[in-house]
Amino acid sequence: MAVINSSSIDMANNLTTSFINLTLSDNSTFDIDDSLVRSGSNLTKLSDQDGDQSEFSYSTLVTIAIAACLSILTLLTAVGNLFVIVAIRTDRNLRSAQNNLVFSLAVADLMVSLCVMPFAVIAEVHGEWRLGALWCDIYTSADVLSCTASILHLLAIALDRYWAVTNIDYIQRRSPTRILLILAAVWGVAVIVSLAPILGWKDEAFDDRIRDKHCMVSQDMGYQIFATCATFYGPVILILLLYWKIYQVMCRFMSISVYG
């Protein structure tokens, strides 16, 4: 019995030792697995950071490229119209009554490049409007004023050409005073359309858009109809009609000169 008991004890001790060794080996395996998981997570974090940095670098480069292109376009617009203004003012052969329309048109386009396009570049680069309500009013008013004046100048030039083609005496009667009256009408309409929102013709969501960092021309339905008809659809239709009439007159002159 004593031998059996000692053997049993030895077997029990051996089993206990084996179990402890297995437990330790399992724990080491678990530690290795945990270290592998931690290493994998660290690698994932590093790859995510690298991806974020590359995406940030890409977006930064795109923003810089867009800002550079828009800035160059703004500069070219300003320089081109400035050349027209200087040429008309310095060359005596260009100082005619009809060229006053071209001169005023160049001034309107110069205003676009100096007073409108820089604000548009800033808003485009930042992706939002950061200059507040006051500068939004200034920006939108300058935009509407200069663009409306530019379009109406094209209408005035077309009207001047139509009168010159259809009325022989018009060229002799084309005086600087008459051209100045046309220019006064052009700029007067442009001022009225541009100042209407500042004088109260705004939609109710204007302040909400400013808080959301968006700057837009008044979205009031009545103002939109009035502005688009006065500054785009109306002038475009009249310009097309006037040039169609000029084309018909020129075709009639050509047929008379050819066939007698």
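Miscellaneous remarks
- Extension gain for the segment Val125 to Arg211, taken as residue separation times 0.36 nm less the Cα-Cα distance, is 29.1 nm to one decimal.
- The Cα atoms of segment 48-259 define a convex hull whose projected area, averaged across directions, is 17.3 nm².
- Footprinting exposure proxy ranking of Arg209, Arg92, fewest other C-beta atoms within 10 angstrom first, gives Arg92, Arg209.
- Cα centroid separation - segment 75-121 against segment 169-185, whole Å: 20 Å
- Between Arg92 and Tyr243, the FRET efficiency from the beta-carbon distance, with R0 = 30 Å, is close to 0.50.
- Computed from label points 7 Å out along Cα-Cβ, the spacing between Met254 and Leu82 is 4.1 nm.
Each value in this text was obtained by applying a stated rule to the coordinates, not by laboratory testing. Predicted model, so just to flag it, every value in this text is computed and none were measured. Don't worry about glycine lacking a Cβ; one is built from the backbone with ideal geometry, like all the others, and counts go over all protein chains shown.
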